[in-house]
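I have placed the structure first, in the form of structure tokens, so that the comments after it can refer back to it.
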Amino acid sequence: MELTPQVIQGSQALLTARQRMQGMMGVKSLIVVDEAGQLLGMVRYIDIDRAATAGATVRDVMLSDIPAVHTGQAVQDLAGVMSEHDIDRLPVVDESNTVIGELPRSAVTMTESRTGEAVTGRERLSDAMAGRVSPALDVKEDMVVVGNSGHKIGKVKEVLADNLSGTLTHVVVHTGLIFGKDKSIPADLIDHVEGDQVSLKVDKSDVDMLPDLNAAE
């Protein structure tokens, strides 16, 4: 289980959800919660792309019949659920329906071979997601960002944190000079931070494939 789920409040503008998913590598759905962090549903990029975003909120297009994952539940059949609803993550909730994490499709794939395995507690879910939890890193604005080859990519322009937990989720990196671009990089792509330098697990060519946050819609 990832302890920092990709969540968005149902009252937020649909355009906000679209921009978030455009700026995140490999994310095509977000978990929708209310102001108290309780599960409302899921919003998919494909639905946002089809909808008229002007004045619309996330709640207007979200799917409300998405099943949640509970502790003690077997996980071997959940990949089929994700395929059925065309989503790439499932919300993990506690007894009060409050979102406490998420189970990405990749985590289900990792456990499919263990037929009948059950999730017996939050710790076990965390074990299933070992290595995917966003690292606790002291990233600050204006730090230099380099790729895994050591070549400079840009500088940190903004540090983004989860609204519920305060955990680092993304860093916005400004690349180039005068006509540079802003790229939103997920925290789990950060390898380490040393001094005033942020080192990524990917290289500049991978970052270049991310959309420019300042590009016109």
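The values are calculated or read from the model by the stated rules, or taken from the named source; none is laboratory data. Just so it is clear, the model here is predicted, and its values are computed rather than measured. We place every Cβ from the backbone using ideal geometry, glycine too, and count neighbours over all the protein chains shown.
Values as computed for the structure displayed
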quantity: Tally, over segment 60-80, of residues that are touching a helix residue (DSSP H, G or I) at 6+ places or on another chain (Cβ under 9 Å) and at pLDDT 80 or above; calculated: 8
quantity: Test for THR169: is it touching a helix residue (DSSP H, G or I) at 6+ places or on another chain (Cβ under 6 Å), closer than 20 Å to VAL99 by Cα and either modelled with pLDDT of 70 or more or loosely packed, with under 15 Cβ neighbours inside 10 Å (or both); calculated: yes
quantity: Some residue of segment 27-40 being within 26 Å of LEU168 (Cα to Cα) and modelled with pLDDT under 85; calculated: yes
quantity: Restricting segment 99-118 to residues that are charged (D, E, K, R) and more than 20 Å from ILE46 (Cβ to Cβ), the residue that is modelled with the highest pLDDT; calculated: GLU112
quantity: Yes/no for ASP47 being at pLDDT below 90, within 18 Å of the chain's Cα centre (by Cα) and surrounded by fewer than 21 Cβ atoms within 10 Å (Cβ to Cβ); calculated: yes
quantity: Filter result for the condition that a residue is more than 30 Å from LEU200 (Cα to Cα), assigned to a loop (DSSP other than H, G, I, E, B) and either out of contact with any helix residue (DSSP H, G or I) (no Cβ under 9 Å at 6 or more places or on another chain) or at pLDDT below 85 (or both), over SER96, SER134, SER83; calculated: SER96
quantity: Matching option when the condition is farther than 24 Å from ILE31 by Cα, at pLDDT 80 or above and in a loop (DSSP other than H, G, I, E, B), among SER199, SER149; calculated: SER149
quantity: Candidate set: segment 184-217, residues that are hydroxyl-bearing (Ser, Thr, Tyr) and closer than 21 Å to THR167 by Cα; chosen: the one surrounded by the most Cβ atoms within 10 Å (Cβ to Cβ); calculated: SER184
quantity: The listed residue being at pLDDT 85 or above, closer than 23 Å to SER29 by Cα and among the basic types (Lys, Arg), out of LYS155, LYS140, LYS183; calculated: LYS183
